[in-house]
Amino acid sequence: MSLALGVYRAATGLLEPLAPSLLRARARRGKEDLSRLPERLGRPVLARPEGRLVWLHGASVGEGLSLLPLVEAMAERDPALTLLVTSGTTTSADLLARRLPERAIHQFVPVDGPRSAAGFLAHWRPDLAVFVESELWPNLLLAARRRGARTALVSARLSKGSLDGWGRFPAAARAVLGGFDLVMGQDDEAATGLVRLGARDDGRLNLKLAGESLPADAENLARLRGEIGERPILLAASTHPGEETLLLEVFAWLKDRPERPLLVIVPRHPVRGEGILMEAREQGFVAARRALAEPLTGATEVYVADTLGELGLWFRLARLAVIGGSLVEGVGGHNPLEAARLDCPASAGPHVVNWRSVYAALEVEHAVRRVDGAAALAGVMAEALTDPTALRAEAGRARAFADRESGAVRPAADWLLALMRRI
């Protein structure tokens, strides 16, 4: 073990006794599920099924949902396999619980302390551990390898800050990244950075390009269509703090148009729904909130759809979707292919570093609108209301792109299963 990893293990071991109180404090702020804190401390309560088990980990909502096509492909190929999916946020836990296939189990990832990691691994005994994107926990990874599990890093991408950070500790980087049995970067740039830190290069896989269309409840969809009628919907999908302020400012210029548009805001974190509703009302909008079952009427101008698992409804209904996380710095954007798979025209702001390669490919196809500033955003929204023909054509090209790219996950599932069977 490198000196840096030894220091990390010692420091996390010393801090680990503080974890229960810190987790309880986070639970009081809605950031942890109090009833499931034992999972975060490496004390699972669910029994481990017999047979082979693959553990797949994605940090949050985006990473966890990107794993779904891989989970489904592996389950299809080996129905006897148990698939354990971990994530670290309550929102991701709720969404994954709704969408995981049979024989797939969700658990919260344990804190990366030596005792918590050991307890988690002793209970679940994974044959294969698959990490997605950039979520690297040294104690968990190294302990899994010591127990004989194969490890894989797929759809891998490290930010410049992470690359620089690991680069300051080259021996630790080689121990953590060089120990993976399979590494698949999202793109050539990501792979080059990982190889520089000692990782292998086994090809490309971008799970963000895979996946099925988001689901929608048919009864809810029909009811909403009846309530909305012919009014065009401008959708703000997966928004973050600061974005709603800009969207409401722009919508104020459009709300009195003869088309009578409806702005639907779906916050990335539904707990923010009340604050968004208050902001809309303070700005003079007639607003309603879905989580409170407030009626959506002809007078409603802004509708806060602060419920989980319903984004597929709104992509099916919207004239245009503005993809959140892209209008303010610090988030990095969200997945535009969720809209593309449902033929919904999409627009996004300038801040899409986490999805840079996807947006670049869509722009080459003339399949997405990028905007910078309120005036440009107002322009594309107005176009969606008055003459959406060009936007619909762009959505068709985006759908074709998404369909072309979705097949890569199947061979990746085969490679992972073959890796596990070589144990």
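Every number here is computed from the coordinates shown, using simple stated rules; none is lab data. The structure presented is a predicted model; accordingly, all values stated were derived computationally and were not measured. In this analysis, Cβ positions are derived from the backbone assuming ideal geometry, glycine residues included, and neighbour counts consider all displayed protein chains.
Each of GLY407, MET420, ALA360 was placed along the dipole of the chain (beta-carbon charges, centred on the mean Cα), and the one lying farthest toward the positive end is MET420.
Relative protection proxy for 24-32, 66-74, from highest mean packing down: 66-74, 24-32 (other beta-carbon atoms within 10 angstrom). Starting from the Cα of SER35, step 7 Å toward the Cβ, then list every residue of the range 297-338 with an amide N under 20 Å from that point. Within reach of a label on SER35, which here means backbone N under 20 Å from a point 7 Å along Cα→Cβ, the range 297-338 contributes 307-309. Of the residues SER238, ALA288, ALA152, the one whose Cα sits farthest toward the positive end of the charge dipole of the chain, with +1 on the Cβ of Lys and Arg and -1 on the Cβ of Asp and Glu, is ALA152. Positive contributions from Lys and Arg (+1) and negative ones from Asp and Glu (-1), summed over other residues with Cβ under 10 Å from the Cβ of ASP343, come out at +4. Taking Rh as the Kirkwood radius, which is the inverse of the mean 1/r over Cα pairs, what is the Rg/Rh value for the range 239-324? On the Cα set of the range 239-324, Rg over Rh gives 0.91.
Taking every alpha-carbon pair under 8 Å whose residues sit at least 6 apart, the chain reaches a relative contact order of 13 percent.
Look at THR89, THR297, THR389 and count the other Cβ atoms within 10 Å of each Cβ; fewest to most, that gives THR389, THR297, THR89. Scaling against 2.2 N^0.38 Å puts the C-alpha radius of gyration of the range 155-205 at 1.00. Here the Karplus curve 6.51 cos²θ - 1.76 cosθ + 1.60, taken at θ = phi - 60°, turns the phi angles of the range 285-291 into couplings of 7, 7, 10, 9, 10, 5, 4 Hz, with x standing for Gly and Pro. Quotient of the Cα radius of gyration of the range 218-405 and 2.2 N^0.38 Å, N being its number of residues: 0.94. Remark: spin-label model distance ARG174-ASP256 equals 6.9 nm, labels positioned 7 Å along the Cα→Cβ axis.
Which log10 I(q)/I(0) values, to two decimals, does the range 3-210 give at q = 0.17 Å⁻¹ under the Debye formula with one point per Cα? The computed values of log10 I(q)/I(0) come out as -1.27.
Net length available on complete extension from ARG356 to GLU282 is 23.1 nm, with 0.36 nm assigned per residue and the Cα-Cα distance removed. Distances between placed amide hydrogens fall under 5 Å for THR239 paired with VAL266, ARG268, all partners being 5 or more residues away or on another chain.
For the chain, the calculated P(r), taken from all Cα-Cα distances in 10 Å bins from zero up to the bin holding the longest distance, is 4, 21, 30, 25, 14, 5, 0 percent. Distance from the C-alpha centroid of the range 373-423 to that of the range 193-262: 12 Å, rounded to the whole angstrom.
Look at the dipole of the chain built from charges on Cβ: of LEU95, ALA118, THR297, the Cα furthest out on the positive end belongs to ALA118.
Near the amide H of LEU56, within less than 5 Å, lie the amide hydrogens of LEU84, VAL85, THR86, VAL130, all on another chain or at least 5 residues away, with H placed in the peptide plane.
Using a ≥ b ≥ c from the Cα gyration tensor of the range 18-94 (square roots of the eigenvalues), is it rounded, prolate or oblate, where a/c under 1.5 gives rounded and otherwise the larger of a/b and b/c decides, a/b for prolate? Verdict is oblate for the range 18-94. Here the range 218-405 is assigned +1 on the Cβ of each Lys and Arg and -1 on the Cβ of each Asp and Glu. Its dipole about the Cα centre then comes out at about 340 debye. Electrostatic tally near ALA413: other residues with Cβ closer than 12 Å to its Cβ, Lys and Arg +1, Asp and Glu -1, net -2.
With 0.36 nm allotted per residue and the present C-alpha distance subtracted, the ASP403-ALA25 stretch has 131.7 nm of extension available. Modelled spin labels at LEU292 and ARG225, positioned 7 Å past Cα toward Cβ, are 3.0 nm from each other. Centre-to-centre separation between the Cα atoms of the range 102-165 and those of the range 310-366: 29 Å. For the range 180-238, the square roots a ≥ b ≥ c of the C-alpha gyration tensor eigenvalues yield an a/c of 1.5 or more together with a/b exceeding b/c, which makes the shape prolate. For the range 319-423, the equivalent ellipsoid derived from the alpha-carbon gyration tensor has semi-axes of 31, 17, 9 Å in decreasing order. Report summary: the helix-based calculation at 222 nm, which adds -39500 (n - 2.57) for every DSSP H run with n ≥ 4 and divides by the residues of the chain, gives -13500 deg cm²/dmol. For a Förster distance of 45 Å, can you work out the FRET efficiency between the beta-carbons of GLU365 and HIS123, rounded to the nearest 0.05? Efficiency at R0 = 45 Å is approximately 0.45. Work through the residues other than HIS240 whose Cβ is under 12 Å from its Cβ and net out their charges, Lys, Arg +1 and Asp, Glu -1. Combined, the nearby Lys, Arg, Asp and Glu give -1.
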